[in-house]
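The values are calculated or read from the model by the stated rules, or taken from the named source; none is laboratory data. A quick note: this is a predicted structure, and the numbers were derived from the prediction, not measured. Cβ sites come from the backbone with ideal geometry, for glycine too, and all protein chains shown count toward neighbours.
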Amino acid sequence: MSYFAHPTAVIDDGCQIGAGTKIWHFSHLMPGCQLGENCNIGQNVVISPEVVLGKNVKVQNNVSIYTGVSCADDVFLGPSCVFTNVLNPRSAVNRKDSYLQTHVGKGASIGANATIVCGHNIGAFAFIGAGAVVTKEIPAYALVVGNPARQIGWMSEFGQRLNFDTAGRAICPESGQQYQLNNATVTRIDE
């Protein structure tokens with residue numbers, strides 16, 4: 001076994017788990033889920049069938065990741081955040097054929113207690129504030145907060161707020177990386 005699983009973790013048959021991944025207390029990985037290398041799955045996490053996590057995904061305690069969700073490499077899922085997979089759930093109505101897809105882009109962070117309503121993708125390096133309720137697509141590098149989530153700015157790949165000048169350029173204060181804002185789209189400038 002090339003990964004670590006705490007004795008209280010439940011790992012169903014048919015899971016694919018990458019080398020170096022750690023799965024902590026009372027977490028449940030269901031059949032057909034796929035975890036990349038070097039993931040960290042906190043306590044009391046549920047990962048449903050067919051969920052796909054890339055490499056180095058950090059899932060904090062009490063997170064629910066339901067069928068239809070995929071996360072790219074280096075995603076951070078904060079404590080008690082949750083993904084839905086049906087827009088109109090009813091206990092007495094089986095809607096397993098109605099699951100909507102949600103993709104979280106590379107390097108994105110989702111804060112504690114945030115809710116991601118299904119069918120709305122999160123762009124690469126986006127930053128979802130604690131307690132936010134995402135009800136629409138979130139662009140790459142966007143900073144969103146509130147219920148419903150609304151964009152209040154842009155973030156660098158290092159998780160620092162970007163301040164754009166009149167030419168639409170910004171520099172990350174931590175990394176020195178440069179970014180360009182053009183038509184409500186942020187791109188990193190490689191110089």
### Query
With respect to Gly78, is the statement that it is of a type outside the set (A, V, I, L, M) and in contact with an Asp or Glu (Cβ under 6 Å, 6 or more places away or on another chain) true?
no
### Filter result for Gln101 (farther than 29 Å from Asn44 by Cβ, of a type in the set (S, T, N, Q) and in the same structural domain as Asn62 (by TED's automatic domain parsing))
no
### Query
Within the range 67-95, which residues are free of Cβ contacts under 8 Å to residues at least 24 places away in the same chain and either of a type in the set (Lys, Arg) or buried (at least 20 other Cβ atoms within 10 Å of the Cβ) (or both)?
Arg90, Arg95
### Query
Given the structure, is Asn56 more than 21 Å from Val133 (Cα to Cα), without any contact (Cβ under 8 Å) to a residue 40 or more places away in the chain and part of a loop (DSSP other than H, G, I, E, B)?
yes
### Message
So, Glu137, is that one buried (at least 17 other Cβ atoms within 10 Å of the Cβ) and of a type in the set (Asp, Glu) or not?
### Response
no
